[in-house]
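The numbers here are math on the coordinates, done by the rules we state, and not lab data. Just so it is clear, the model here is predicted, and its values are computed rather than measured. With ideal geometry, Cβ positions are generated from the backbone for all residues, glycine too; neighbour counts draw on all protein chains shown.
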Amino acid sequence: MFSLPASKAHIWGSRDGCRAWPSMVAACNLEEQPNEEREKGIAAHELAELVIKGRIDKPADKLNSAMGNGVIVDDEMVYSVRVYLEVVFGHIQKADKYGVEEEIPYEGKHVRVDFWAFYEESGILFVADFKYGHRVVEHVNNPTMLVYSDALWKHKDLRSRDYQFAIIQPRAFHKGGPARLWTPTREEYLEEMEAVKIARIECSDPNPVCRTGEHCTTCEARFNCQALGSAAASAVEYAYSNTVQNLPAACLRLELDLLRRAYGIMKQRITGLETQAEALLRSGQQVPGLRLKQKYSREEYTMTNEEIAAMGDTFGIDLRKPLAISTPNQAIKAGFPKEVMAELTTRHPTTMELSNADIDQNEINLIFGVK
Ligand code: SF4
């Protein structure tokens, strides 16, 4: 029997997700590969937990120190954890109950919930998911958080009637900002929860639907997936098929959308094949024309800052940096008044960037030649 981890529910459990994903991954019998970004995420969660549980005062207390998995805490991690903690501490102060990094039994396995808070009087259950990666995770209809809420409801004896879900993702750009809240109505919640339950049943069908989409980007089995291979082949064919150099302006947006989609599918296929080649090379097998090359981090001092500065002095060179101040955004997050900051800052126009705009009916008529 294959597993249906909540952390991967965006692949198997979303409305347009891939129901064949669990069996595909099980069939590939994959060994977990080293993943630098995943390790950084684990370290960021550990850092946040240390502060919430009062073992250190603030994230910066661990700056330049190694976390449990050896990842060194840098400025970016300190900043990201602070953003997450701002949300979490707001709930810790007001909620009747809360939990941090809890393992909760669910469907014969466990789910690990980053943070939850429960308000007895209103019956609101708040669930937060801290994401340290760069890939944008949508907060609305997020199947992973729906599974978390179901697990909490079943195993924590919380008589929740309403739900709030937050994705906190300081390193990914999203128009909604780094902390995004989804507050479904009761009907919306039940409807989406039902969709996840149906997806769970469809995954155990003897012939589950293999459906390509954005979710293939994080599928471990994509190197071995016929459906993705076919979609990528069609994308390659499409990319080669259009030789028109000067498309009419009205068709440019449509053509760009089609090629961007084809590019996304090809990218997923390429990264899938790269993963396969890497796995073979790591296990000691030969892959003609490819090899693994050792990469190195930036050069780092092996002495303390004070010792390095003193060494610089002996050569008559001042290695100390001039005073660095926070960016306007960091200052506002630290509590600097936004209105005062508006008086102190300005924005200079830089380059022009192509972006999608809403298309109105006249433009649709123009594209399809409707008079
Ligand atoms: S690559 Fe995409 S379609 Fe293929 S198994 Fe993975 S999620 Fe499903």
Highest average packing first - 345-356, 179-190, Cβ atoms within 10 Å:
179-190, 345-356
Most fluctuating residue of Pro105, Pro337, Pro170 in a GNM of the chain with Cα springs under 10 Å: which is it?
Pro337
Name the long-range amide H neighbours of Asn141: under 5 Å, sequence gap of 5 or more, or other chain; modelled H, no Pro or chain starts.
none
Dimensions (Å) - the range 6-203, Cα atoms, principal axes, largest first
48, 47, 34
In what sequence, highest mean first, do 286-293, 160-167, 302-309 appear when ranked by Cβ atoms within 10 angstrom?
160-167, 302-309, 286-293
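Give me the Kirkwood hydrodynamic radius of the range 221-282 in Å, from all C-alpha pairs, to one decimal place? Intermediate values should be presented prior to the final figure.
Working: mean 1/r = 0.0774 Å⁻¹.
Radius from the Kirkwood sum: 12.9 Å.
Per Stokes-Einstein, at 20 °C and 1.002 mPa s, what whole-number D in µm² s⁻¹ belongs to the chain, with the Kirkwood radius over Cα pairs as the hydrodynamic radius? If you can, show how the numbers build up before the last one.
Values: Rh = 24.6 Å.
In µm²/s, the coefficient is 87.
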